[in-house]
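Take a look at the structure below.
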Amino acid sequence: MIESCFVQAGDVRLEYFERGAGPEVIVLVHGYVSSGRIWSLTQDRLDPSRYRTIALNNRGAGDSSRAGGEDAYTIESFVTDLASAVAALDLPRFTLVGHSLGGATAARFALDHPERLKALVLLDPVPLDGIPLEPGWREQVLARAQAGVHPLAPDPRAGGTRPAGSPNEFFRLLQADMARVAPERLLGGRRSMGDVRLRQRLSELTMPVLVIAGDQDATVGIEPILTDFLALPPATRSLHVFHGVGHSPNVDATDGFVEVLKAFVTGME
């Protein structure tokens, strides 16, 4: 059973979804317009006697605190919140998994707090050397948000059909969370994705790092993901590419994604 809980992380109160009580702790970080609910299919498929999974809602996602203007919604603020949350939860060393914008958050956390991590997983991360901000980007973001079309949002059904056996309620709740995203979060997150410059620092990472991608990712594109992978230390990096899968293998190829994740975690034991 996945439980909705709350933790005080510094100045914000974050919602999170927890399942299991196993010795292997996995913390899951969502992307730009998504929420922690995007990980529920993954959590359901991990043995709760072996794994404890915690999927955080970033500030501004789900029922987590809304926090000020767009300057409050940056990769740096998400990292600060994450650090405060895992400290408040008194977590042992854990595997950190970040999807899309959450990949940049996870990479920055790994650079700032390497002592907290057993390993790092980057799932279709946004380019870690930034996504350029085009002229008029603010107006485009706001116009698309008003129309209900969120830029750089993971489509839960991208690339084909709904995964066999996945519950309709999962998609309903995830899409409801996405519809609640405030303009400040959209603007701050998009600007932060333009400003991020982590690629040149990836060689500093000392923990095992697994990069997972879908080769049909039309949101980020496979090329920058592979470029970021090649910037990691060769001795500790691993790569898995799903063929015919888009930006969200955790949804579109959940069983395969979970098997890859379990094999990676098991390999560190």
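The values are calculated or read from the model by the stated rules, or taken from the named source; none is laboratory data. Predicted, not measured: the structure shown is a model, and the values here were computed from it. A quick note on method: Cβ atoms are made from the backbone with ideal geometry, for glycine too, and the neighbour counts reach across all protein chains shown. Note: areas computed on protein heavy atoms with side chains; ligands, DNA, RNA excluded. Shrake-Rupley method; radii C 1.70, N 1.55, O 1.52, S 1.80 Å.
Odds and ends about this structure:
- Complete set of residues in region 183-229 that are hydroxyl-bearing (S, T, Y) and open to solvent by less than 40 Å² (accessible area, probe 1.4 Å): S192
- Positions within region 26-48 being surrounded by 20 or more Cβ atoms within 10 Å (Cβ to Cβ) and not in a loop (DSSP other than H, G, I, E, B), in sequence order: I26, V27, L28, V29, G36, R37, I38, W39, S40, L41, T42, Q43
- Subset of region 219-230 that is under 19 Å from G194 (Cβ atoms) and of a type in the set (A, V, I, L, M, F, W, C) - its residue that is modelled with the lowest pLDDT: V220
- Of the residues making up region 1-19, those that are in a strand (DSSP E or B), in contact with a Ser or Thr (Cβ under 6 Å, 6 or more places away or on another chain) and open to solvent by 30 Å² or more (accessible area, probe 1.4 Å) are R13, R19.
- Which listed residue, of G60, G22, is surrounded by fewer than 20 Cβ atoms within 10 Å (Cβ to Cβ) and farther than 18 Å from L120 by Cβ: G22
- Residues in region 1-41 that are hydroxyl-bearing (S, T, Y), under 15 Å from N250 (Cβ atoms) and in contact with a strand residue (DSSP E or B) (Cβ under 7 Å, 6 or more places away or on another chain): S40 only.
- Those helices (runs of 4 or more DSSP H) of region 160-269 in which at least 1 residues are free of Cβ contacts under 8 Å to residues at least 12 places away in the same chain, considering only elements entirely within it, cover 168-179, 222-230, 254-267.
- S248 falls short of the stated requirement of being over 17 Å from the mean Cα position of the chain (by Cα) and of a type in the set (S, T, Y).
- In the set (1) small (G, A, S); (2) crowded, with 22+ Cβ neighbours inside 10 Å; (3) farther than 24 Å from S192 by Cβ, A55 fails one condition alone, (3).
- Listed conditions (1) open to solvent by 30 Å² or more (accessible area, probe 1.4 Å); (2) assigned to a helix (DSSP H, G or I); (3) farther than 27 Å from P127 by Cβ are all met by E76, apart from (3).
Listed here are the residues, each with its yes/no results for (1) open to solvent by 60 Å² or more (accessible area, probe 1.4 Å); (2) touching a Leu at 6+ places or on another chain (Cβ under 6 Å); (3) of a type outside the set (S, T, N, Q).
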| position | (1), (2), (3) |
| --- | --- |
| R66 | yes, no, yes |
| L89 | no, no, yes |
| S100 | no, no, no |
| G103 | no, yes, yes |
| F109 | no, yes, yes |
| D112 | yes, no, yes |
